[in-house]
Amino acid sequence: MTGLREIKKKNTKKAILQYAEKVFKEKGYSKVKTSDIAKGSNIAEGTLFNYFSSKGELFVEAVFRDFDMGKYKIHLSEKIDEDILVNEIVNLIDFYIKKMANVDKKLLREYFSVVYSINNSESLVARNSLFRMDEMVMEESKQLLNLLKKGYEKIEEFDLDIAVECIYSCVILQFTKYTYSDEFSYSNMIENIREQIRFIIRGSIL
């Protein structure tokens, strides 16, 4: 019985995510109500909140739902130089943010307007859902930098926490530019991130 119950819960969550992704992409974030998603998923609204704590959490998992499926696999040679160091960090960042970049810019803009609204009651829970993704990427970046640090003697005194915060600040800035500018392409963003990471790395070994 326990096995059947777990299968039913898994199928219910899958149905919620599939329907939520569909309506969020069709109607945007603000116009969709959790009651609508529950109805379209053939469940009670209270049941929906057994799976997701808020609309923001549901949005993140539905629209970016392959975000945490699969981890970046590190590929390092025995000898590490500045180019290898920078490229590996950029590859890790690209691995994750390209999943977000696949979402329509208009939908990203609307969601970010909610995330960063100080007056919207939904903004706090929306921020928390998004920040959990940020924390995951930052932690993996820190782990990668720690490995790179061991193979690149020039950055033996590298402060990982400060480096990760600086790098991720650059990523957020560039992704914001990408989201709000139709002329700023994904490749433009990645190249800007690459140059900024190179600048941070070089500054760390002066």
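Taken together, the values in this text are just the output of simple stated rules run on the coordinates, not laboratory data. Quantities reported herein were computed from a predicted structural model and do not represent experimental measurements. Counting neighbours? That spans all protein chains shown, and the Cβs are built from the backbone with ideal geometry, glycine included.
Exceedance of the 29 Å cut-off in Cα-Cα distance is limited, within the set Lys14/Lys177; Lys27/Lys73; Lys71/Lys177; Lys55/Lys106; Lys99/Lys149, to Lys14/Lys177; Lys27/Lys73.
Counting Lys and Arg as +1 and Asp and Glu as -1, what is the net charge of the other residues whose Cβ lies under 12 Å from the Cβ of Thr176? The answer is +3.
Remark on the range 1-90: hydrodynamic radius 15.6 angstrom, per the Kirkwood mean of 1/r across alpha carbon pairs.
Listing Arg194, Arg5 from fewest to most neighbouring C-beta atoms within 10 Å gives Arg5, Arg194. Across q = 0.28 Å⁻¹, the range 2-53 modelled as identical point scatterers on its alpha-carbon atoms has Debye log10 I(q)/I(0) values of -1.11, in the order of the q list. Each of Val103, Val60 has some number of other Cβ atoms within 10 Å of its Cβ, and from fewest to most they run Val103, Val60.
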